[in-house]
Amino acid sequence: MTVVSPEFAEELKEYGDDTALQCFNCGTCVAICPLVDDSFPRRLIRYVQIGARERILASGRDLWKCLHCGLCSRTCPRQADPGEIILGLKRYVLAAWREE
Amino acid sequence: MFDPKIIIDLLAENVRRTGNPFGLSTGSINGWWKGADLPRQGANLLFTGMMYQMVPAINAATGLLGKYEDTPAGDRIRFGRRVPRFLSAAVLKMATAKEDRSAAAGVLMDITRILQASGVDFAYRPELDGYSGILLYDLGDRENFIAHARRVAGRLQEAGVERLITVDPHTTWALRELYPRYTGYRPEVRTYFELARLQGNGDREVTLHDPCFYGRYLELSQVPRTLLAGLGVRCADVNSAGPFTSCCGGPAESVSPALALTVGRRRLAELQATGRPLVTMCPICHANLRRAGADVMDLSALLVRFTRSGENSQKRAE
Ligand code: SF4
Ligand code: SF4
């Protein structure tokens, strides 16, 4: 079961910019991302918005497919900076793994 | 795909111990300058960031990782929570190809010739050169990136270096954007092609692949295009260029060579659609597009043809 925690976005501030709430889930980033995935990176950004910490940790490895190429950030119509959100999530997940 | 944590911990430990992600001694990867008789004093310091010098090790490591990815042995590496032995410095050193080492040295020598022909006052001091730590940053290990960046910045500050010349997009971005933010060191950073002043008439057309950091993060795409246009070299229109360039896939090579190759092949198809010779300006793009099957030339190899020494060596080759 996923526990929804709106405080999660606050917790993530330590790891990167707090822009996830700008995202309105249009999917432009998914369409343009060179990984050609059905839902990356939007799915992870949605998880941040709803505070789905466990789901982020469960799909932690997927974050490292991201090339940090920045194309999604350049084309996001809401300046949500998805590429930097993914980088912040890498930092968050790596810190959690290192604490394990 | 390999366990990112195992890979990142290994790279971070290597950077901490040896200053580069492969655990190789600086002397063993940075010998290109020997015999070049480069000045040790000058208004600008050439700072290579070691990216070109690391390409032989990157190719060796990617080749070895690629062999094991998604195999039972790879699974043991993924789930065994241990560092794969084949990534040890000794194995990597043996696995580096001689032609990769001389190609990397050739790029750096060409860059010094371009700077000399452009009348740029520069020095090279190998003891001040170093890896920027950018891979750690991109992989999310900000803590270890900062620790390393402070060591590199400290050395440069102590030597009173205020102006740097860079040769690759990753190091350029790290020094321009990340070092001021995380270390407080704010040098003036210019790429060698921003300083190049060359003359000639090449009358040809090439396909220039913009790396993400030059094209998008630093918005420098027009600089090499203007330089080339002045030399009679036209750049063919590419689908996805400049700030909207498409990644070569190289940054995935440390965790998934298969993914790096898939993305690289896709990008290569876009680039090859022009039918013109392919030119890159980044060692990571160069290496990954080559792995994807491209015949590719570094920008420096094209520019050096417009210097006297480049002209002479070309004539000798003919
Ligand atoms: S991050 Fe931007 S591009 Fe991606 S879904 Fe949200 S608003 Fe759209
Ligand atoms: S930064 Fe990452 S998520 Fe964004 S387009 Fe590039 S690979 Fe995809």
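The values are calculated or read from the model by the stated rules, or taken from the named source; none is laboratory data. Because the structure is a prediction, the values reported are computed rather than measured. Using ideal geometry, Cβ is built from the backbone for each residue, glycine included, and neighbour counts are taken over all protein chains shown.
Here is a check on your reading of the model: is A:G27 of a type outside the set (K, R), within 16 Å of ligand 1 (Cβ to nearest atom), modelled with pLDDT of 95 or more and in contact with a Phe, Trp or Tyr (Cβ under 6 Å, 6 or more places away or on another chain)? Full working, then the answer.
Values: of a type outside the set (K, R): yes; within 16 Å of ligand 1 (Cβ to nearest atom): yes; modelled with pLDDT of 95 or more: yes; in contact with a Phe, Trp or Tyr (Cβ under 6 Å, 6 or more places away or on another chain): no.
Against the criterion (of a type outside the set (K, R), within 16 Å of ligand 1 (Cβ to nearest atom), modelled with pLDDT of 95 or more and in contact with a Phe, Trp or Tyr (Cβ under 6 Å, 6 or more places away or on another chain)), A:G27 does not qualify.
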Selected residue [hydroxyl-bearing (S, T, Y) and crowded, with 24+ Cβ neighbours inside 10 Å] from B:T245, B:T226, B:T262: B:T245
Given the condition in contact (Cβ under 8 Å) with a residue 24 or more places away in the chain and within 14 Å of chain A (Cβ to nearest Cβ), answer yes or no: does some residue in region B:223-237 qualify? no
Quick one: A:F24 ticks every box in (1) part of a loop (DSSP other than H, G, I, E, B); (2) within 15 Å of ligand 2 (Cβ to nearest atom) except a single one, so which number is it? (2)
Tally of residues being charged (D, E, K, R), out of contact with any Gly (no Cβ under 9 Å at 6 or more places or on another chain) and facing chain B (nearest Cβ under 8 Å) across region A:44-100: 3
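For region B:114-231, which fully contained helices (runs of 4 or more DSSP H) count at least 1 residues that are of a type in the set (S, T, Y) and farther than 26 Å from B:A287 by Cα?
Working: elements: B:134-138, B:142-158, B:169-173, B:179-183, B:192-195, B:222-230.
Result: B:179-183.
Condition test on A:P41, is it buried (at least 19 other Cβ atoms within 10 Å of the Cβ), within 15 Å of ligand 1 (Cβ to nearest atom) and more than 13 Å from the chain's Cα centre (by Cα)? It would help to see each step written out before you state the result.
Numbers: buried (at least 19 other Cβ atoms within 10 Å of the Cβ): yes; within 15 Å of ligand 1 (Cβ to nearest atom): yes; more than 13 Å from the chain's Cα centre (by Cα): no.
Considered against the rule, which asks whether it is buried (at least 19 other Cβ atoms within 10 Å of the Cβ), within 15 Å of ligand 1 (Cβ to nearest atom) and more than 13 Å from the chain's Cα centre (by Cα), A:P41 comes out as no.
Only residues that are part of a helix (DSSP H, G or I) and surrounded by fewer than 22 Cβ atoms within 10 Å (Cβ to Cβ): list them for region B:15-47, please. I'd like the intermediate steps shown before the answer.
As a first pass, look at region B:15-47 and keep what is part of a helix (DSSP H, G or I): B:15-18, B:26-29.
Within region B:15-47, B:R16, B:R17, B:T18, B:T26, B:G27, B:S28 meet the criteria.
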Looking at A:E84, A:E54, can you tell me which residue is more than 14 Å from ligand 1 (Cβ to nearest atom) and either surrounded by fewer than 20 Cβ atoms within 10 Å (Cβ to Cβ) or of a type outside the set (A, V, I, L, M, F, W, C) (or both)? A:E54
Test: A:D62 is within 14 Å of ligand 2 (Cβ to nearest atom) and either touching a residue at least 60 places away in the same chain (Cβ under 8 Å) or under 12 Å from the mean Cα position of the chain (by Cα) (or both): yes
